[in-house]
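*Asks:* One structure, as structure tokens, below. Some questions next.
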Amino acid sequence: MSDQQVDQGKRTWLIATGCAGAVGGVATAVPFVSTFTPSERAKAAGAAVEVDISSLKPGEKTTVEWRGKPVWIVRRTPEQLESLKATDAQLADPKSDRTAYPTPEYAKNQWRSIKPEIFVAVGICSHLGCSPSDKFQTGPQPSLPDDWHGGFLCPCHGSTFDMAGRVFKNKPAPDNLEVPPHMYLSDSKLLIGEDKKA
């Protein structure tokens, strides 16, 4: 046995302050560590978006947000679909072969869509990220050619896209509009952001 006497009061005080410090450390660490998990808003930003297209009439467009980007859904008219055949020779990438924005296999066709009448695209120009305007009316218009068949015009630098979001030659935009992953849940419901059934 040691010559020094153990002070029981001091020992109790040291154990108590050590426990209080540990509890305080845990209380401080839990909120800090919880900031590493994504918020509900962040989870929602990357989540797939379900869209009801039953009320979308031919020639109309609706816009939804997916991952912070505008996604256009256009119900094309028979005339707009027919116009796609006339523009191939004027397009920079008519078959969507470029890979800056890889086109899903189910959209590597003349319509760039699963169903010809429904077009789904991210509404951001591939040049500098502006959002093109709808120019569905055909014929001569300011900033558009006299034989315009309808499509989209980027107001920032004049890039033009046909009704399938394919960019015309000799324009600042290097690529077609992006086609996001999507699938049909039914004839009237689209899911933007996923294209594989679980």
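The values are calculated or read from the model by the stated rules, or taken from the named source; none is laboratory data. Since the structure is predicted, the reported quantities are computational estimates derived from the model, not experimental observations. All Cβ positions, even for glycine, are placed from backbone atoms using ideal geometry, and neighbour counts span all protein chains on display. With ligands, DNA and RNA removed, areas are computed over all heavy atoms of the protein, side chains included. Shrake-Rupley method; radii C 1.70, N 1.55, O 1.52, S 1.80 Å.
*Asks:* Given the criteria more than 19 Å from LEU91 (Cβ to Cβ), open to solvent by less than 70 Å² (accessible area, probe 1.4 Å) and in the same structural domain as MET183 (by the TED database), does GLY150 qualify?
*Replies:* Details: more than 19 Å from LEU91 (Cβ to Cβ): no; open to solvent by less than 70 Å² (accessible area, probe 1.4 Å): yes; in the same structural domain as MET183 (by the TED database): yes.
Answer is no for this residue.
*Asks:* Out of everything in segment 64-84 that is loosely packed, with under 15 Cβ neighbours inside 10 Å and closer than 19 Å to LYS135 by Cα, what residue ends up being nearest to the chain's Cα centre (by Cα)?
*Replies:* This residue is PRO70.
*Asks:* I would also like to ask the following. Test GLY165 against the stated conditions and say whether it is within 22 Å of PRO58 (Cα to Cα), open to solvent by less than 50 Å² (accessible area, probe 1.4 Å) and touching a Lys or Arg at 6+ places or on another chain (Cβ under 9 Å).
*Replies:* yes
*Asks:* Can you tell me how many residues in segment 87-143 are among the hydroxyl-bearing types (Ser, Thr, Tyr) and in contact with a His (Cβ under 7 Å, 6 or more places away or on another chain)?
*Replies:* Initially, segment 87-143 is screened for residues among the hydroxyl-bearing types (Ser, Thr, Tyr), giving 87, 96, 99, 101, 103, 106, 113, 126, 131, 133, 138, 143.
Now narrow it down to the ones that are in contact with a His (Cβ under 7 Å, 6 or more places away or on another chain): 87, 138.
So the count comes out to 2.
*Asks:* Looking at the structure I just gave you, is ASP187 of a type in the set (Asp, Glu) and either touching a Pro at 6+ places or on another chain (Cβ under 7 Å) or open to solvent by less than 10 Å² (accessible area, probe 1.4 Å) (or both)?
*Replies:* In short, no.
*Asks:* Shifting gears a bit: Has segment 131-147 got at least one residue that is of a type in the set (A, V, I, L, M, F, W, C), surrounded by 15 or more Cβ atoms within 10 Å (Cβ to Cβ) and under 21 Å from SER96 (Cα atoms)?
*Replies:* Checking segment 131-147: not a single residue is of a type in the set (A, V, I, L, M, F, W, C), surrounded by 15 or more Cβ atoms within 10 Å (Cβ to Cβ) and under 21 Å from SER96 (Cα atoms).
*Asks:* When you scan segment 58-84, how many residues do you find that are of a type in the set (Asp, Glu) and touching a strand residue (DSSP E or B) at 6+ places or on another chain (Cβ under 9 Å)?
*Replies:* Total satisfying the criteria: 2.
*Asks:* Report yes if THR87 is out of contact with any strand residue (DSSP E or B) (no Cβ under 9 Å at 6 or more places or on another chain) and crowded, with 16+ Cβ neighbours inside 10 Å, otherwise no.
*Replies:* No, not satisfied.
*Asks:* So which residues in segment 104-124 are of a type in the set (Ser, Thr, Tyr) and surrounded by 16 or more Cβ atoms within 10 Å (Cβ to Cβ)?
*Replies:* Selection gives SER113 alone.
*Asks:* Hey, among the residues in segment 90-103 that are touching a residue at least 24 places away in the same chain (Cβ under 8 Å) and open to solvent by 60 Å² or more (accessible area, probe 1.4 Å), which one's nearest to the chain's Cα centre (by Cα)?
*Replies:* Among those residues, the one meeting the criterion is TYR101.
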